[in-house]
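Presented below is the structure to which this report refers.
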Amino acid sequence: AMTRLTKSHHLHILSGDQASRVSALAKTLGIPATNAHGAMTPEEKESLVKSLGSTLYLGDGMNDTLAFAAATVSGTPVADRSLLDRRSDFLFTCPGLAFLPSLFSMARWRRQTVGLILAFTITYNIAAVLACVLGHMTPLAAAILMPLSSIFSLVIARRKLSVLKGQRSKVRDFNPWNNHQTSPVS
């Protein structure tokens, strides 16, 4: 999982730990030394996250709360132990980072599906308004077309989900409900 992530994303380690420990971890994970940031204060983490732009931030300590607020999306393995789980966008309970490729796949699927449904909805509404303005829309036709447009939106989402499931079956990927994989990060 880490090899795919380091090839497709700019990964950074932000830590309050000693710089030498952070550098060693980065080397093990294949993260460039320039992206290994040790001995950081919470304010420094926040500043770096802001400078990186659109970010996913994973953290497990109270010193990550400022970075959580600065990140686009944040996640934590900490549940029911601190305020951190209430400030994060999602929780994960599996060991390591093997879930990240699936998370990114689901995010792409969601973005594409929402885009398709939005395009359909805009087109449908323009056509419906045009039909109404031209006097071609009867109350019966409107009553039939309205639920059909909702059903069609669900069909689009279901079809996109089938495509996602087909892609996932071709690649050994993380399954959050049946995870026996291990990761180099503990």
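The values are calculated or read from the model by the stated rules, or taken from the named source; none is laboratory data. Model, not experiment: these values are computed from the prediction. Ideal geometry is used to build each Cβ from the backbone, glycine not excepted, and the neighbour counts take in all protein chains shown. Each accessible area value is taken on the protein alone, full model and side chains, heavy atoms only, with ligands, DNA and RNA left out. Shrake-Rupley method; radii C 1.70, N 1.55, O 1.52, S 1.80 Å.
How large, in percent, is the carbon and sulfur part of the accessible surface of the chain at a probe radius of 1.4 Å?
Here carbon and sulfur together make up 61 percent of the probe-accessible area.
Run the numbers for Ala131 and Gln18: contour at 0.36 nm per residue of separation, minus the present Cα-Cα distance, in nm.
Here the segment from Ala131 to Gln18 would lengthen by 33.9 nm.
Please give the length that would be gained between Arg159 and Glu44 if that part of the chain were fully extended, namely 0.36 nm times their separation in residues minus their C-alpha to C-alpha distance (nm, one decimal). Mind dumping the intermediate values first?
Numbers: separation 115, 0.36 × 115 = 41.40 nm, distance 4.40 nm.
Using 0.36 nm per residue and subtracting the Cα-Cα distance, I get 37.0 nm.
Once you place label points 7 Å from the Cα toward the Cβ at Cys94 and Ile122, how far apart are they in nm?
In this crude spin-label approximation the distance works out to 3.5 nm.
Nearest 500 deg cm²/dmol is fine: what mean residue ellipticity at 222 nm does the chain get from its DSSP H runs of n ≥ 4 alone, each adding -39,500 (n - 2.57), divided by its residue count?
Calculated mean residue ellipticity at 222 nm is -18500 deg cm²/dmol.
Which length gain, in nm to one decimal place, applies between His9 and Val73 when the Cα-Cα distance is subtracted from 0.36 nm times their residue separation? Please report the intermediate quantities before stating the final value.
Working: separation 64, 0.36 × 64 = 23.04 nm, distance 1.47 nm.
That works out to 21.6 nm of additional length.
Which FRET efficiency value, to the nearest 0.05, do you get for Leu148 and Arg108 by plugging their Cβ-Cβ distance into 1/(1 + (r/R0)^6) with R0 = 25 Å?
0.35
I want to verify a result. In a Gaussian network model of the chain, Cα cutoff 10 Å, which of these has the top mean-square fluctuation: Asn35, Asn63, Asn125?
Of the options given, Asn125 has the highest mean-square fluctuation.
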